[in-house]
Amino acid sequence: MMAMALSPWLKAQSNTGESFIDEHLRPYYEHAGFSWKTDREPHFELNFEVNSEAERRLTQLKEVAELGRTAVLKVLGATSYDPVIHVFFVGSIARMNELIGAEVIGRSRPTQHAVFCVVAPFSELSLAHELTHEIAANLWGPGEHWLQEGLANYVVDNNSSLMNRQCLGLLQSKQWIPLKLMVNPEWKSSIYSPDDTYPELGGFVQYLYETFGVEYLQIAWTKGSRNLKKVYGKKLSKLESDWRAALVKRVGPVHDQINLPGRGDSLLQEEISHEHRINP
Ligand SMILES: [Zn+2]
């Protein structure tokens, strides 16, 4: 099994004439502060340090990487993705900063096919999120940040209702950020708290994806937010209100069942009543 797993990778390497260490990757692989062990898989080179959390969890990480890659390709409607992705696992945000000069839990550099993730006990794993950036950027080209982040969060949410519940929570607590503040070419993830913006953008992308399909999402990706009305035939404000209505309808009944206490309830009921329909 091991040999079978390795041979396609070796073949890909020789076909593309890629040298063992790409020039762009050299600063990471040869960084004086890091001593990497590498696990080579058909789709990934997974780099980790000896005695690290990543080494202990390598089997799980491999699975997350593979499942994440598959999920992204499925969402994008793509059948294949050739580049081998170089993943670097570090033990902390401080170590991440040492390696790439940014205090983040995850980062992707799609032109280098490089992905960086903090793997520490109890830390959130950003691997699937970063793989979405890597693959979408290489298959669809550069996209506006709101759409990149929205897509990554949609893929990671994987149709669990968690993200939609978070969106509904933002609506109920009146922390909803109007989409026009994010859905524009200038928005950067640092402007607001990612805790608020990421679920909202992810939920919006999910709505666009499920309502209009992947082809339109790809066109929106290419044309940008200024052309949303051309792509979807509706202004952003109309897309937003349609989505909010769909959200309340979709998530509402689930919240009813678990009977969440607090002020959200009355508001939720109010919103549901607008959407109430008698089934034919
Ligand atoms: Zn991201």
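Against the definition (assigned to a helix (DSSP H, G or I) and either away from the ligand (no atom under 16 Å from the Cβ) or over 15 Å from L228 (Cβ atoms) (or both)), how does Y192 come out, yes or no?
So Y192 does not fit the description; no.
Mind checking whether some residue in segment 181-189 is open to solvent by 30 Å² or more (accessible area, probe 1.4 Å) and of a type in the set (V, I, T)?
No, that holds for no residue.
Kindly establish whether L73 is farther than 16 Å from G33 by Cα, out of contact with any Lys or Arg (no Cβ under 9 Å at 6 or more places or on another chain) and not small (G, A, S).
yes
Hey, can you tell me all the residues within segment 76-114 that are closer than 16 Å to I21 by Cβ, surrounded by 23 or more Cβ atoms within 10 Å (Cβ to Cβ) and among the β-branched types (V, I, T)?
Scanning segment 76-114 gives I85, V87.
Which condition number in (1) outside the structural domain of F88 (by TED's automatic domain parsing); (2) assigned to a helix (DSSP H, G or I) is the one that H133 fails?
Only one criterion is unmet by H133, namely (1).
Hey, among E124, E134, E103, which residue is within 15 Å of the ligand (Cβ to nearest atom) and under 19 Å from Q60 (Cβ atoms)?
Of the residues listed, the single one that is within 15 Å of the ligand (Cβ to nearest atom) and under 19 Å from Q60 (Cβ atoms) is E124.
Pairs only if they're at least six apart or on different chains, beta carbon under 8 angstrom, first in segment 142-153 and within 11 Å of the ligand (Cβ to nearest atom) and open to solvent by 30 Å² or more (accessible area, probe 1.4 Å), second at pLDDT below 95 and part of a loop (DSSP other than H, G, I, E, B); list them, first residue then second.
Taking only residues 6 or more apart or on different chains, the pairs are H145/W187; H145/K188; H145/S189.
For the structure I just gave you, tell me whether G203 is modelled with pLDDT of 95 or more and farther than 16 Å from Q148 by Cα.
No.
Would you mind stating whether A54 is away from the ligand (no atom under 16 Å from the Cβ) and modelled with pLDDT under 95?
It is false that A54 is away from the ligand (no atom under 16 Å from the Cβ) and modelled with pLDDT under 95.
Quick check: is even one residue across segment 158-165 over 30 Å from A65 (Cβ atoms), open to solvent by 10 Å² or more (accessible area, probe 1.4 Å) and out of contact with any Leu (no Cβ under 9 Å at 6 or more places or on another chain)?
No, that holds for no residue.
Out of the residues in segment 32-75 that are open to solvent by 50 Å² or more (accessible area, probe 1.4 Å) and touching a residue at least 60 places away in the same chain (Cβ under 8 Å), which is nearest to the chain's Cα centre (by Cα)?
The extreme case among them is L67.
Tell me yes or no: at least one residue of segment 201-215 is open to solvent by 10 Å² or more (accessible area, probe 1.4 Å), free of Cβ contacts under 8 Å to residues at least 24 places away in the same chain, outside any helix (DSSP H, G or I) and not assigned by TED's automatic domain parsing to the domain that holds E66.
Yes, segment 201-215 contains a residue that is open to solvent by 10 Å² or more (accessible area, probe 1.4 Å), free of Cβ contacts under 8 Å to residues at least 24 places away in the same chain, outside any helix (DSSP H, G or I) and not assigned by TED's automatic domain parsing to the domain that holds E66.
The values are calculated or read from the model by the stated rules, or taken from the named source; none is laboratory data. For clarity, every value in this text was computed on a predicted model and none was experimentally measured. FYI the Cβ positions are ideal-geometry reconstructions off the backbone, even for glycines, and counts take in every protein chain you see. Ligands, DNA and RNA are stripped out before the accessible areas are found, and what is left, the full protein with its side chains, is counted by its heavy atoms. Shrake-Rupley method; radii C 1.70, N 1.55, O 1.52, S 1.80 Å.
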